[in-house]
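Let me begin by presenting the structure, written as C-alpha cells, before commenting on it.
The values are calculated or read from the model by the stated rules, or taken from the named source; none is laboratory data. Computed from a prediction, not measured in an experiment: that's the story for all the values here. Glycine also receives a Cβ, built like all others from the backbone with ideal geometry; neighbour counts cover every protein chain displayed. Quick note on the areas: whole protein, heavy atoms, side chains included, nothing else; ligands and nucleic acids left out. Shrake-Rupley method; radii C 1.70, N 1.55, O 1.52, S 1.80 Å.
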Amino acid sequence: MELEGKKIIVTGGGSGIAAGCVRGYVRAGAQVVFCDVNDEGGKTTEAEANAQENVTGKATYFHCDITDKTAVQEFFAKAIEIMGGLDVLANIAGVERNKPAETFEEEDIDFVMGVNFKGTVWTNQEAYKYFKANGIEGAIINYASDTGLSGMPNGAVYASSKAAVLGWTRSIALDWAREANVRCNCVNPSIKTPMYKYWLETADPAVVEPYKAGLKQMFPLFGDMGEVDTDLVPVMVFLASDGARYINGQVICVNGGLVMVR
Ligand SMILES: NC(=O)c1ccc[n+]([C@@H]2O[C@H](COP(=O)([O-])OP(=O)(O)OC[C@H]3O[C@@H](n4cnc5c(N)ncnc54)[C@H](O)[C@@H]3O)[C@@H](O)[C@H]2O)c1
C-alpha cells in the first residue's frame, strides 16, 4: 500500500474532491481524520470510506469550521491524538459565490475569503506547528484554482481568494522548507463535483452556454472536466507519498490542459 502507516488530515471531506480523497487515502492504507461543516456529508464519507473491502486504512470524521482558529486547533489536537501523529495535511475545503463584481458586499468577501484563505492559514499553521516541533518532514497540499491565475467571470472574489492561496502556498514553501524540510504545494483541479454543479446552475447563462459549447476547445484532453476517483485521487495519493518528497512550491494542475502554468 502506497500510504501504509501515513497519518493524514483532510478538510472538506463531506463532499466532492475531499470525499474522494478520504476514500482514496483509506484505500492506500492511510489513517485519515477529516472535517467538514456538513455533518451529514461527513458521516456518509466516513461510512463509505470504512466500508471499502480489504482496506487497512481508517477514516474518522469530526465537525470543524476551518474559519474558526480555536476550533481548528482543537480539531488538530484530537486528530493527532487519535492517529498518534501527522504526516500530511490535505486542505481541500472551499466555497464559491458568483455574482457581478460590482455587487459583492462585505459579507460575501468575509464568507469566501474566510473559508478559502483564512481556513488555509489556520489549518496550515497547525500542521506546521506539529511538523516543526516533532521533526516531521511533512507535506501540506492546498487547493487553489486556475481562476486564481486566469480570473473568473462572475467570480471575482472566489478567484481572488484562490490567488491568495497560491501566494500563501508559494511563500510557506520557501519558509517552511528552509526551516524544517516541510513541502507545500497547491492543486488546481478541474473536477465534476457539487461545487461545479453549483457553478453551472448559478453562473450567468451568457457565460455557461458558450462554456458548454466549447468544452473540447477548453479541455483538450477528453473535452470535459475530470472525474474525482480516476483523474484526481491518484495524483493526491502520489502527492501524499514519499515519492513526492522533492516537489515543493508547485502548482499542480489536474485539468486536462485547461490552463498551463509557467
Ligand atoms: N471542482 C473543481 O473543478 C474545482 C476547481 C477549482 C478549485 N476547486 C477547489 O477544490 C476544493 C474542493 O472543491 P469541490 O468541488 O470538491 O467542492 P464541494 O463543494 O463539493 O466540497 C467542498 C466542501 O468544503 C466544505 N466546507 C465549506 N466550508 C467549510 C468550512 N468552513 N469548514 C470546513 N469545511 C467546509 C463543504 O461543506 C463541502 O463539503 C475547493 O477548495 C474548491 O475551491 C475545485
Original post:
In the range 212-258, which residue that is among the basic types (Lys, Arg) and over 19 Å from Pro194 (Cα atoms) is most open to solvent (accessible area, probe 1.4 Å)?
Top reply: Arg245
Original post:
Residue check, Asp242 against (1) away from the ligand (no atom under 14 Å from the Cβ); (2) touching a residue at least 12 places away in the same chain (Cβ under 8 Å); (3) of a type in the set (D, E, K, R), all met but one. Which one?
Top reply: (2)
Subject >> Qualifying residues in the range 169-209 (those that are among the β-branched types (Val, Ile, Thr) and within 17 Å of the chain's Cα centre (by Cα)) - the one modelled with the lowest pLDDT >> reply: Thr193
**OP:** Would you list the helices (runs of 4 or more DSSP H) that sit entirely within the range 12-110 and hold 2 or more residues that are under 19 Å from Ile140 (Cβ atoms) and within 16 Å of the ligand (Cβ to nearest atom)?
**Re:** 16-27, 69-83
Original post:
Among the candidates Glu179, Glu209, which residue alone is among the acidic types (Asp, Glu), surrounded by fewer than 20 Cβ atoms within 10 Å (Cβ to Cβ), without any contact (Cβ under 8 Å) to a residue 12 or more places away in the chain and in a helix (DSSP H, G or I)?
Top reply: Glu209
Original post:
Going by the conditions given, is Val261 open to solvent by less than 40 Å² (accessible area, probe 1.4 Å) and within 20 Å of Ala144 (Cα to Cα)?
Top reply: no
**OP:** Among the residues of the range 25-37, write down those that are under 16 Å from the mean Cα position of the chain (by Cα) and surrounded by fewer than 24 Cβ atoms within 10 Å (Cβ to Cβ).
**Re:** Val37
Subject >> Number of the exception - Gly119 against (1) under 15 Å from the mean Cα position of the chain (by Cα); (2) more than 15 Å from the ligand (Cβ to nearest atom) >> reply: (2)
Subject >> the range 134-175: number of residues that are assigned to a strand (DSSP E or B), away from the ligand (no atom under 12 Å from the Cβ) and either farther than 19 Å from Val254 by Cβ or out of contact with any Ser or Thr (no Cβ under 8 Å at 6 or more places or on another chain) (or both) >> reply: 1
Original post:
So which of Thr120, Thr147, Thr103 is at pLDDT 95 or above and surrounded by fewer than 20 Cβ atoms within 10 Å (Cβ to Cβ)?
Top reply: Thr103
Original post:
How many of the residues in the range 188-205 are assigned to a helix (DSSP H, G or I) and near the ligand (Cβ under 6 Å from one of its atoms)?
Top reply: 3
